[in-house]
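Novice: Mind looking over this structure? Questions follow.
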Amino acid sequence: MRFDIITIFPNILTSYLKEGILAQAIKKKIVKVNFVNLRDSANGKHRKTDDTPFGGGPGMVMMVEPIWKAVKKVKKKKKSKIVLLSPKGKKFDQKMAQDFSAFDQIIFICGRYEGVDERVVENIADEIISIGDYVLAGGELPAMTIIEATARLVPGVLGNKESLVSETHDSDKKDYPQYTRPTEFKAGFKNRWKVPEVLFSGNHKKIEEWREENRKQ
């Protein structure tokens with residue numbers, strides 16, 4: 001699966017891809033993440049990608065032409081989706097990650113400043129996506145959030161397939177509490193934090209009952 005991130009800061013996230021699950025998926029060539037410098041598709045000596053808004057107003061607006069050129073240049077797969085990251089978009093969730101994982105390519109347009117020319121919304125983007133009800137400086141972090149949530153659903157990315165069987169957001173119920181060794185931890189002189197005894201009792205029926213009772217609603 002291929003992810004393309006169109007941005008004016010193509011080096012802003014490269015370090016994140018050198019560790020963890022995504023790094024392994026890239027190494028195995030299951031996933032490819034490509035950073036596209038929007039300025040390479042801009043005209044003029046200064047490679048300008050933004051301009052003042054018609055009608056006046058604060059800030060700058062990202063221009064339609066460089067974005068259109070960048071998308072045309074980078075679109076390689078028939079089964080692809082073009083996503084504009086914007087706080088005004090539909091909120092990203094696990095169901096969306098599952099839908100996205102069926103595509104061969106996802107292209108992310110990372111907004112900056114006061115946003116993008118509305119013609120990008122009307123004519124270029126397939127989906128307008130937000131990762132929450134707050135404003136960030138740009139779409140790069142949301143793009144990486146969506147890439148990680150989506151890529152882990154691609155076959156072969158996770159080493160343990162059972163990790164996907166009962167995902168926290170796959171149902172109305174949340175996951176149950178998890179513990180590991182030691183069974184008792186001494187936090188200072190007085191505090192002793194213990195693991196519920198049922199979990200190391202060996203009684204699998206009671207363990208399942210405890211887990212069901214203690215799922216976070």
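Novice: Is there any pair linking a residue in region 202-217 that is among the β-branched types (Val, Ile, Thr) to one that is not in a loop (DSSP other than H, G, I, E, B), with Cβ under 7 Å and at least six apart or on different chains, and which?
Specialist: Ile207/Val198; Ile207/Leu199
Novice: Can you name the number of the only condition in (1) at pLDDT 95 or above; (2) of a type outside the set (Lys, Arg); (3) touching an Asp or Glu at 6+ places or on another chain (Cβ under 9 Å) that Gly57 fails?
Specialist: Failing condition for Gly57: (1).
Novice: Which residue pairs have Cβ atoms under 6 Å apart, sit 6 or more places apart or on different chains, and have a first residue in region 111-138 that is under 19 Å from Phe100 (Cβ atoms) and a second that is aromatic (Phe, Trp, Tyr) and in a loop (DSSP other than H, G, I, E, B)?
Specialist: Ile129/Phe92; Ile131/Phe92
Novice: Follow-up question, since we're still on this one. Can you name the residue in region 13-33 that is surrounded by 17 or more Cβ atoms within 10 Å (Cβ to Cβ) and assigned to a loop (DSSP other than H, G, I, E, B) and is also modelled with the highest pLDDT among such residues?
Specialist: Val31
Novice: Within region 188-213, which residues are assigned to a strand (DSSP E or B) and under 36 Å from the mean Cα position of the chain (by Cα)? Write out each step before concluding.
Specialist: Start the filter on region 188-213 by keeping residues that are assigned to a strand (DSSP E or B), which leaves 191-194.
Trp193, Lys194, listed by residue number.
Novice: So Thr52 passes all but one of these: (1) more than 15 Å from Leu141 (Cα to Cα); (2) crowded, with 16+ Cβ neighbours inside 10 Å; (3) of a type in the set (S, T, N, Q). Which condition number does it fail?
Specialist: (2)
Novice: Under the condition of being loosely packed, with under 13 Cβ neighbours inside 10 Å and in contact (Cβ under 8 Å) with a residue 40 or more places away in the chain, which residue from region 77-92 is nearest to Gly132 (Cα to Cα)? Before the answer, list the steps.
Specialist: Here is the first cut: in region 77-92, the residues loosely packed, with under 13 Cβ neighbours inside 10 Å are 78-79, 88, 90-91.
So of that shortlist, the ones also in contact (Cβ under 8 Å) with a residue 40 or more places away in the chain come out as 88, 90-91.
Working: Lys88: 10, Lys90: 9, Lys91: 6 Å.
Result: Lys91.
Novice: Enumerate the pairs (first residue in region 1-29 and basic (Lys, Arg); second residue anywhere and buried (at least 18 other Cβ atoms within 10 Å of the Cβ) and modelled with pLDDT of 95 or more) with beta-carbon separation below 7 Å, excluding pairs fewer than 6 apart on the same chain, so at least 6 apart or on different chains.
Specialist: Going by the 7 Å Cβ cut-off, the qualifying pairs are Arg2/Gln105.
The values are calculated or read from the model by the stated rules, or taken from the named source; none is laboratory data. For clarity, every value in this text was computed on a predicted model and none was experimentally measured. Positions of Cβ are backbone-derived with ideal geometry, glycine not excepted, and every protein chain shown enters the neighbour counts.
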